């Protein structure tokens with residue numbers, strides 16, 4: 001009988017032990033952590049002058065000399081108004097250095113940083129980087145502030161608990177919690193080659209931009225920067241990993257600008273078919289599509305058709321990893337690049353250049369006028385969305401699409417859509433180019449459906465769904 005009791009006692013201990021151990025890791029409350037971190041998280045308010053031109057009669061003109069001509073001219077006169085925006089940030093130095101998103105302060109004439117919810121300070125921009133959407137500010141004050149420190153975002157795992165503190169909708173000092181729900185996210189926008197977001201379900205809304213994502217040690221492992229959709233939190237937010245951000249921040253503080261490593265190649269995915277043809281064991285690495293003239297890669301002997309397997313000792317599993325790793329590497333550093341050529345591995349030594357001074361970067365950064373192209377099936381003219389459009393219309397950085405420039409009188413969209421609306425999706429697929437839209441329309445026309453579902457932003461940047469019957 002004693003042996004039976006002992007046996008059941010051991011079983012009970014065994015069953016209870018993992019429950020006790022697991023519950024020990026879950027905090028009963030975030031109150032102590034939030035109270036400690038709150039003084040280091042700031043609210044940011046910016047103002048800028050916006051020039052607008054309004055005309056209630058855009059297609060109507062009075063005859064020359066008409067007494068009404070002068071009266072209605074004023075409607076076309078540019079009007080100035082003050083625009084304000086709210087965001088979040090956090091202090092990383094007791095002297096008042098603040099980190100936030102570039103899009104929070106972009107174009108701002110005045111920046112006010114509110115600390116502890118009650119003290120307002122003027123701030124100036126030390127440096128900003130649109131490519132990573134990071135900005136560094138300096139509070140203009142002599143007093144000491146309470147900083148937080150960065151953690152190691154590479155150690156953050158899917159399922160780890162995190163908290164976000166920020167200024168959503170102007171409600172400063174808001175604390176939310178959740179977990180890391182995914183890693184290495186790419187939103188596929190204009191900044192795609194440098195995107196490596198942490199995904200979290202901690203509630204992030206408008207105004208949280210630039211705020212910190214903390215681990216349970218109180219270290220910053222991410223900078224909250226994007227949400228999925230424009231209607232507010234849907235349980236999916238994105239943060240720039242701290243390890244990537246720190247490199248940019250250090251450069252902005254030291255130089256006032258970034259100095260990214262540059263390899264000088266255009267790359268694409270290695271598909272299973274390409275791997276088979278090249279006798280590579282599996283689809284991995286980055287396929288070199290072309291090599292820029294006078295680039296570091298050209299000088300090192302890297303050729304189109306090479307597959308980059310390793311860079312500076314880091315294995316390249318997917319194509320998207322290479323630009324991020326290269327950009328983090330110091331300009332002027334000599335690195336070993338392992339490539340696959342003619343069915344064997346070879347090593348090339350490359351001395352990295354600087355991306356920002358390369359011709360490739362200068363061409364990418366130009367906002368040249370876009371050609372207007374006709375979409376015959378819809379009887380409209382469109383051009384591709386530019387960085388300038390995104391900035392002027394205050395769209396999310398990752399937005400892609402086509403701007404409608406003309407609508408013919410016999411277009412199926414004539415009474416449904418306006419000029420300057422942006423076509424974002426067709427048949428639930430993102431539109432990045434004119435070819436994307438044309439190919440989608442051709443598929444619809446070749447099917448029995450003959451109706452295409454478009455998603456647009458209208459002139460007020462409101463998202464709308466439109467069903468269009470094609471001829």
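Some notes on this structure:
- Within the range 132-141, being surrounded by 22 or more Cβ atoms within 10 Å (Cβ to Cβ) and in a loop (DSSP other than H, G, I, E, B) holds for 132, 133.
- Count - residues of the range 299-332 that are in a loop (DSSP other than H, G, I, E, B) and in contact (Cβ under 8 Å) with a residue 24 or more places away in the chain: 14
- Taken over the range 234-283, the criterion of being part of a loop (DSSP other than H, G, I, E, B) and without any contact (Cβ under 8 Å) to a residue 12 or more places away in the chain is satisfied by 234, 281, 282.
- Test for residue 163: is it at pLDDT 90 or above, in the same structural domain as residue 245 (by TED's automatic domain parsing) and under 30 Å from residue 265 (Cβ atoms): no
- Residue list for the range 444-463, filter: more than 21 Å from residue 372 (Cβ to Cβ) and either in contact (Cβ under 8 Å) with a residue 40 or more places away in the chain or surrounded by 14 or more Cβ atoms within 10 Å (Cβ to Cβ) (or both): 444, 445, 453, 455, 461, 463
- The lone criterion from (1) surrounded by 19 or more Cβ atoms within 10 Å (Cβ to Cβ); (2) in contact with a helix residue (DSSP H, G or I) (Cβ under 9 Å, 6 or more places away or on another chain) left unmet by residue 437 is number (2).
- Enumeration of residues in the range 127-159 that are closer than 17 Å to residue 243 by Cα and over 22 Å from the mean Cα position of the chain (by Cα): 148, 149
- Taken as a whole, the condition of being surrounded by 15 or more Cβ atoms within 10 Å (Cβ to Cβ), modelled with pLDDT under 85 and in contact with a strand residue (DSSP E or B) (Cβ under 7 Å, 6 or more places away or on another chain) applies to residue 396.
- Strands (runs of 3 or more DSSP E) lying entirely in the range 397-471 (those with 3 or more residues that are farther than 19 Å from residue 387 by Cα): 451-457, 463-469
- For the residues 124, 144, the requirement of being without any contact (Cβ under 8 Å) to a residue 60 or more places away in the chain and either surrounded by 14 or more Cβ atoms within 10 Å (Cβ to Cβ) or in a loop (DSSP other than H, G, I, E, B) (or both) singles out 144.
- Strands (runs of 3 or more DSSP E) wholly inside the range 39-115 containing at least 2 residues that are farther than 21 Å from residue 227 by Cβ, outside the structural domain of residue 243 (by TED's automatic domain parsing) and modelled with pLDDT under 90: 41-52, 79-93
The values are calculated or read from the model by the stated rules, or taken from the named source; none is laboratory data. Since this is a predicted model, take the numbers as computed values, not measurements. Glycine also receives a Cβ, built like all others from the backbone with ideal geometry; neighbour counts cover every protein chain displayed.
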